[in-house]
Amino acid sequence: MKYPKQLLFFLLWLAPTFAQAELVIEITAGRDDPTAIAVAPFSWSGWGAAPQDVAQIVEQDLQRSGQFAPLGRADMLGMPSSESEVYYRDWRASNVEYLLIGRLSEDSAATTVEYELFDVYKQQRILSGSESGSPDELRMLAHRVGDAVYHQLTGIRGAFATRILYVAVTQRLAAKDTFRLMQADSDGARAKLVLETNEPILSPAWAPDGRQIAYVSFETGKPAIYRHDLENGQREQLTAYRGINGAPAWSPDGNSLALVLSKDGNPDIYVLDLASRRLRRMTHHYAIETEPTWMPDGRTLLFTSDRGGKPQIYQVDLSSGKTERVTYEGSWNARATVAADGRTMALVNQEDDRFHIAVQDLKRGRLHILTTTELDESPSIAPNGSMLLYATKYDGRGILAAVSVDGKVKFRLPSRAGDVREPAWSPYLDNP
């Protein structure tokens, strides 16, 4: 098998053009029976105007989840900021089930957000709390409030106070394209440059602690895997073998990376111990083996292989080396990623030359197609398992989009300036 074919398979999702820009949210589908909630504007105690509209950020988080239908401010009969100002009859008249109010204050040390959630029909407070931090982290404090409300009302941990990675490229006519690895909040806001180079960047992956990432960069003229500390910006090249060095995936304990190397011939799956730098080869096959991802127990790897003729998902037990095929529905399945529960696997499924995002129940084997667009790729699951982030095409441009695991909630995150690709949703962050 010749190297160009291997490289083509490995770089399947590399897009020709991207652009650096903050992402925006466009909700395209939601649930038929969302919960009616009102998020009243938070009061402000400080100099001048409030630095951020915290209530609006929380409202947008809840609306984006598809689980909630927030009441517009123009339809509110009151805007309370304390329990004594809450008149339940006004909110019942607006058919609101829950009301969130809050207060924002600051001192020389920190900015504080206090909040209270009320059940309108039971006429009682069901949640209260506060979040404090530096003024420049106020938007993340708002996401934490959204997480608390989401958890209280759904029983599922929220994932608004997380981050995403994606790759953006500026296309230039008379020079090389500029590739940028970007970091942003889960809603696409506060985009921040992580790395800029004139060579391709691929496969960004989060470490379990959310402080480090790994990715593939061609900055030396050939693919190499790098480890990057997001807190201090320090980078370390981990591999530079002949041929393919790609698809890094962190183990659940953060001590190892699964990756793809072709140094011994065809692309195979290896595991790199980050402390000893010892490599362990996990597959030995003449086919192309790529795109490893860990099961949450850390004892099994999923990967894509064309050993059956076309790409399908397989799994290999790290102790025994036993390999089994996982996907059978559809002629082409690739790019697996697994939710924290170890049961739901997201992947790219091809039928009739159309690439869709799908999920498969790993216990029952059932495959469910989630998207209807035709060029969907690179799925990444939110840490609470509720949503999938992926790359697709819209109006001729590469964008990011999201879909709930049941397919009912959908929204787009296009860049205002160009194309984006290769999304990766962070784990939960101790200090987001």
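Odds and ends about this structure:
- Accessible solvent surface per residue of region 284-427, calculated while the other protein chains remain in place, 1.4 angstrom probe, Å²: 40
- Cα gyration tensor category, rounded, prolate or oblate, for region 195-290 with a/c compared to 1.5: oblate
- Lysine pairs with alpha-carbon atoms under 15 Å apart, the chain, spacing 8 or more or separate chains: 4
- Each of 344, 331, 371 was scored by the projection of its Cα onto the charge dipole of region 302-387, and the greatest displacement toward the positive side belongs to 344; charges sit on the C-beta of Lys, Arg, Asp and Glu.
- Debye log10 I(q)/I(0) for region 110-188, one point scatterer per Cα, at q = 0.10, 0.15, 0.19, 0.21 Å⁻¹: -0.40, -0.67, -0.87, -0.97
- Leading residue at positive end of dipole, region 89-149 (Cβ point charges), from 112, 124, 100: 124
- Label-point gap, in nm, between residue 231 and residue 310 - each point 7 angstrom along Cα→Cβ: 4.7
- Mean separation of Cα contacts under 8 Å, 6 or more apart, over the residue count of the chain: relative contact order %: 15
- Note, ³J(HN,Hα) from phi for region 262-269, Karplus 6.51, -1.76, 1.60, rounded to Hz, x at Gly and Pro: 10, 5, 9, x, 7, x, 9, 8
- Of the solvent-accessible surface of the chain, computed with a 1.4 Å probe and all protein chains present, 44% belongs to carbon and sulfur.
- Region 275-365: chymotrypsin sites (Phe, Trp or Tyr not before Pro) in DSSP loop, at most 10 other beta carbons within 10 Å: 286
- Kirkwood Rh in Å, taken over all unlike Cα pairs in region 268-403: 15.5
- For residue 36, residues with placed amide H under 5 Å, excluding near neighbours: 69, 97
- Note on residue 279 and residue 361: the extension gain reaches 26.4 nm, defined as 0.36 nm multiplied by sequence separation minus the Cα-Cα distance.
- For the chain, the alpha carbon positions stretch 73, 46, 43 Å along the principal axes, listed from largest to smallest.
- Here is the list for region 87-146: chymotrypsin sites (Phe, Trp or Tyr not before Pro) lying in DSSP coil, each with at most 14 other C-beta atoms within 10 angstrom of its C-beta, are 87, 121.
- For region 107-172, trypsin sites (Lys or Arg not before Pro) meeting the loop criterion (DSSP other than H, G, I, E, B) and having at most 13 other Cβ atoms within 10 Å: 122, 172.
- Packing-based ranking of 60-66, 46-52, 253-259, 296-302 yields 60-66, 253-259, 296-302, 46-52, ordered from highest to lowest mean Cβ neighbour count within 10 Å.
- Karplus-derived 3J(HN,Hα), 6.51/-1.76/1.60, for each residue of region 349-366, Hz, glycine and proline x: 10, 10, 9, 6, 6, 10, 9, 10, 8, 9, 10, 10, 6, 6, 7, 9, x, 7
- Accessible area in square angstrom per residue, region 164-276, 1.4 angstrom probe: 37
- Note that region 329-345 has calculated 3J(HN,Hα) couplings of 7, x, 7, 8, 9, 7, 6, 6, 8, 10, 5, 4, 6, x, 10, 9, 10 Hz, one per residue in order, obtained from phi through the Karplus relation 6.51 cos²θ - 1.76 cosθ + 1.60 (θ = phi - 60°); glycine and proline are x.
- Loop-exposed GluC sites (Glu not before Pro) per DSSP, neighbour cap 15 Cβ within 10 angstrom, longest uninterrupted part of the chain: 1-230
- Helical contribution to [θ] at 222 nm, DSSP H n ≥ 4, -39,500 (n - 2.57), averaged over the chain, rounded to 500: -3000 deg cm²/dmol
- Region 293-353, Cα convex hull volume normalised per residue, Å³: 73
The values are calculated or read from the model by the stated rules, or taken from the named source; none is laboratory data. Nothing here was measured: the structure is a model prediction, and the numbers come from that model. Ideal geometry is used to build each Cβ from the backbone, glycine not excepted, and the neighbour counts take in all protein chains shown. Just the protein is used for accessible areas: all its heavy atoms, side chains included, with ligands, DNA and RNA removed. Shrake-Rupley method; radii C 1.70, N 1.55, O 1.52, S 1.80 Å.
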